[in-house]
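The values are calculated or read from the model by the stated rules, or taken from the named source; none is laboratory data. Remember, it's a predicted structure, so these values are computed and weren't measured experimentally. In this analysis, Cβ positions are derived from the backbone assuming ideal geometry, glycine residues included, and neighbour counts consider all displayed protein chains. Surface accessibility is based on the protein's heavy atoms, side chains included, excluding ligands, DNA and RNA. Shrake-Rupley method; radii C 1.70, N 1.55, O 1.52, S 1.80 Å.
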Amino acid sequence: MAVGIPLADWLSGCTFTEPGTGAPKGSVLDRGRRQGYLRVAVFNEPPYTKLEVDGTVTGAEPDVLRAVLQQLGIGDIRGARIEYDAMIPALKSGQVDVIAAGLFMKQSRCAEVAYTEPVIVSTESFAVPPGNPQNITTIQVVLDNPALKIAVLPGGFEEGILIAANVPQSQRVIVRDNVSGVEALAAGRVNAFLLPTLSLRGMAEVNKSFEVTDPIEDAPATGSGAAFEKSQTDDVAKYNQVLAEFKEGQEFADIMQKWGFDADAALGVTAEELCKAEG
Ligand code: 6CS
């Protein structure tokens with residue numbers, strides 16, 4: 001039983017499920033209006049997502065999700081911290097109602113969920129030792145030097161970048177979370193940690209053991225928006241209608257500026273285009 005959720009809500013949401021999944025049947029927006037909130041998967045990786053100590057969920061993606069859902073009659077969102085590689089299974093099993101985590105669009109993910117139009121288009125960088133002694137600036141540099149070991153999160157977009165570039169498993173080191181990545185770097189277990197540029201820059205503000213490279217030129221653009229269960233196409237269309245107007249307004253610009261993103265980067269880019277990313 002879903003602990004912490006009123007039985008009536010739990011039963012109302014899980015009376016029937018979508019074929020092949022454990023996700024509650026019926027409109028996710030109607031479910032959100034009934035229960036007054038939606039359960040959202042996040043990782044807690046500022047500036048994309050952040051879980052405050054009191055449990056409040058924030059960050060660029062959840063803040064946009066909350067604002068758009070409020071215009072659709074859903075008062076709030078409740079965060080659930082989930083690993084990136086477990087987010088889609090959690091959505092399909094009904095553990096969460098939506099993903100708003102900066103789960104970057106790529107072919108395999110777009111085949112499994114219903115993404116909204118993008119909110120964020122961002123970049124990837126390497127965390128490297130001060131002075132970047134191995135001059136790790138591109139994926140090609142990693143390919144050209146088999147001795148280089150790169151830390152990545154399990155099932156993350158960055159692991160997919162290395163796999164798509166044919167970087168051998170011997171050069172890919174899986175770390176559980178962002179702190180483990182920079183710890184592996186500081187301990188010399190890896191030569192670099194591959195993660196979104198703004199996530200690394202945020203960590204570098206308080207951790208001086210590493211530097212952050214400029215955005216990696218031969219890494220694909222990283223675009224993300226909220227992701228709903230695959231069958232929720234009607235609700236995603238309704239969400240996109242509100243989102244399109246919201247992205248033109250001041251509140252969206254303020255949210256993006258607060259978290260350090262370029263509000264214009266996502267304008268004119270479509271989920272269809274971002275879903276062409278390999279992996
Ligand atoms: O989409 C992903 O898998 C990646 N997204 C973010 C925001 N951080 C790392 C993760 O691998």
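Tabulated values for the structure
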item: Number of positions in the range 145-164 that are among the aliphatic types (A, V, I, L, M), open to solvent by less than 40 Å² (accessible area, probe 1.4 Å) and out of contact with any Leu (no Cβ under 9 Å at 6 or more places or on another chain); result: 1
item: Cβ pairs under 6 Å, 6+ apart, first in the range 214-227 and hydrophobic (A, V, I, L, M, F, W, C), second within 10 Å of the ligand (Cβ to nearest atom) and open to solvent by 10 Å² or more (accessible area, probe 1.4 Å); result: Ala219/Ile161
item: Close pairs (6 angstrom Cβ cut-off, 6 or more residues apart or separate chains): open to solvent by less than 10 Å² (accessible area, probe 1.4 Å) in the range 99-112, part of a loop (DSSP other than H, G, I, E, B) anywhere; result: Ala100/Ala226; Ala101/Phe43; Ala101/Thr49; Gly102/Tyr48; Met105/Cys275
item: Pro89 outside the structural domain of Leu198 (by TED's automatic domain parsing), out of contact with any helix residue (DSSP H, G or I) (no Cβ under 9 Å at 6 or more places or on another chain) and either at positive phi or surrounded by 21 or more Cβ atoms within 10 Å (Cβ to Cβ) (or both); result: no
item: Hits in the range 33-70 (condition: assigned to a loop (DSSP other than H, G, I, E, B), crowded, with 21+ Cβ neighbours inside 10 Å and among the hydrophobic types (A, V, I, L, M, F, W, C)); result: Phe43
item: Filter pass, Ser108 being in contact with a helix residue (DSSP H, G or I) (Cβ under 9 Å, 6 or more places away or on another chain), of a type in the set (S, T, N, Q) and farther than 16 Å from Val190 by Cβ; result: yes
item: Residue match in the range 231-251 (condition: at negative phi, in contact (Cβ under 8 Å) with a residue 40 or more places away in the chain, among the small types (Gly, Ala, Ser) and part of a helix (DSSP H, G or I)); result: yes
item: Test: residue in the range 194-204 that is open to solvent by less than 30 Å² (accessible area, probe 1.4 Å), more than 23 Å from the chain's Cα centre (by Cα), closer than 18 Å to Ile136 by Cβ and more than 13 Å from the ligand (Cβ to nearest atom); result: no
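The rows are residues; the columns are (1) charged (D, E, K, R); (2) touching a helix residue (DSSP H, G or I) at 6+ places or on another chain (Cβ under 6 Å).
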{"residue": "Ala184", "(1), (2)": "no, no"}
{"residue": "Ala187", "(1), (2)": "no, no"}
{"residue": "Gly202", "(1), (2)": "no, no"}
{"residue": "Pro220", "(1), (2)": "no, no"}
{"residue": "Ala226", "(1), (2)": "no, yes"}
{"residue": "Glu229", "(1), (2)": "yes, yes"}
